[in-house]
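For reference, the structure discussed in these notes is given below.
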Amino acid sequence: MMSYRSMQSNRAVVLLACIASLIASSVFADGPPRHKPRRVEAGTEYSHTALDAYGEGYAFIERATRLDQDAMAAQSERERQTAIEGSKQAYEDALRAFEEAVRIDPRMYEAHTYIGYANRKLGRHGRALEAYATALKLKPDYARAIEYQGEAYLGLDRFADAKFNYQRLYALDSEQAAKLLTAMRTWLEERNADARSVPPDQIAAATAWLNDQPHMPAEKIATEGTPW
């Protein structure tokens, strides 16, 4: 037979369980807490469904970034190709998610910027520029979109346009300016290795201009391996 003390103890456990249930039903009355994706600026109000699509896209971007790193560290050509194919698929999946986000809420300039980012990573520089233009129409001083737009210009060998973006960033955001400057120097190294891709006079002009630019401290430069 259960003792009085045991009965009291059981009643206490049941009471605590009921209280916990009531608290949970109150807190989660509209479902579990929504995940707030990174890189959406505080104070900007977007719909929950748009934020969910954005969060899904960001998860695919992170997956693609890890696979890009795997490809660089691969020990065999087979491993490298597997990582590259996986990365391409992840960028495609990210693109679909971000396109859904802007379909739901066209004001989400962060998602437009990521549409540009994914397209650029897939080699679609023209589409990337269209997305960056939309993002910058919504928020003209959005430094990350300006930086990535500059990198898309480099993908099309439009060095003068990339230089203009760098000059904007120099006054706006030193970290993003340093990142674009690093990309411009990388572009020049690659074009010097393949002199046929860009006319010699443009290479000479780019070289002279870059030689006049300061070398940013290493800690100021955001790495390409980490999206934003």
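Quick note: the coordinates plus some simple rules give every number you see, no bench work behind them. In this text, all values refer to a predicted model and were calculated from it rather than measured experimentally. Cβ atoms come from the backbone with ideal geometry, glycine included; neighbour counts cover every protein chain shown.
Under 15 Å from the Cβ of Arg103, count the other residues' Cβ atoms, weight Lys and Arg +1, Asp and Glu -1, and hand me the total.
Every neighbour counted, the sum reads -4.
Would you please state the base-10 log of I(q)/I(0) at q = 0.16, 0.23 1/Å for region 85-168, with intensities from the Debye formula using one equal scatterer on every alpha carbon?
Log10 of I(q)/I(0), two decimals: -0.56, -1.03.
Report, in cubic angstrom per residue, the convex hull volume of the C-alpha atoms of region 47-140. Walk me through the intermediate numbers first.
Values: hull volume 7.1 nm³, N = 94.
In region 47-140, the Cα convex hull volume per residue is 76 Å³.
How high is the FRET efficiency from Gln69 to Arg158, r the C-beta distance, R0 30 Å, rounded to 0.05?
Details: r = 28 Å, r/R0 = 0.93.
E(calc), rounded to 0.05, equals 0.60.
Work out, step by step, the length gained on full extension between Arg185 and Glu77: first 0.36 nm times the residue separation, then minus their alpha carbon distance; give nm to one decimal. List each step's numbers first, then the result.
Numbers: separation 108, 0.36 × 108 = 38.88 nm, distance 2.77 nm.
Length gained between Arg185 and Glu77: 36.1 nm.
Counting only Cα, what are the radius of gyration and maximum Cα-Cα distance Dmax of region 81-224, in Å?
Expressed in Å, the Cα Rg and Dmax of region 81-224 come to 15.8, 47.
Quick one: net charge of Phe60's neighbours, Cβ under 9 Å, K/R +1, D/E -1? Don't jump to the answer; show the numbers that get you there.
Numbers: positive: Arg63, Arg96; negative: Glu56, Glu62, Glu92, Asp93.
Net of charged neighbours comes to -2.
What is the pair-distance distribution P(r) of region 155-209, computed from all Cα-Cα distances in 5 Å bins starting at 0, with each bin given as a whole percent?
4, 20, 31, 23, 13, 7, 2
What nm value, rounded to one decimal, do you get for the distance between Asp194 and Asn211 when each label is placed 7 Å out toward the C-beta?
Each label point lies 7 Å from its Cα, and together they span 2.5 nm.
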